[in-house]
1. Convex hull over the Cα atoms of segment 23-83, averaged projected area in nm²?
2. Can you list residues whose amide H is under 5 Å from Ile50's amide H, if they're 5+ apart or on another chain and H is modeled 1.01 Å from N?
3. Please list 3J(HN,Hα) in residue order for segment 60-75, calculated via the Karplus relation 6.51 cos²θ - 1.76 cosθ + 1.60 where θ = phi - 60°; whole Hz, with x for glycine and proline.
Amino acid sequence: MGGLNFAHILAIAYSLFFIVSPVVKAGYYPSQALDNFPTSAIDTSFLTHIIYVLLVPNNVTFKFDISNSTASILSNFTTLHRKTPT
């Protein structure tokens, strides 16, 4: 009569997590893809999340140093939510 051990509890918690969790279908959009694949070309109907890759924080302030050109890209990137809102 060992009862529930850690492995059993972990398995139950793991299965409950997937029962109640919504499905996430994520895609990564690397910053260097902009020249060949504009954000307007992303088909958002297949994705629940799109992750913009390569904003690097300042190693002293830990804030993002965003140039004007990057700010413009991010502005276009954040409008993707309007294409297929969830």
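1. Value for segment 23-83: 4.9 nm².
2. Gly27
3. My calculation for segment 60-75 gives 9, 8, 6, 9, 7, 8, 10, 6, 4, 5, 5, 4, 5, 4, 5, 4 Hz in order.
Each value in this text was obtained by applying a stated rule to the coordinates, not by laboratory testing. In this text, all values refer to a predicted model and were calculated from it rather than measured experimentally.
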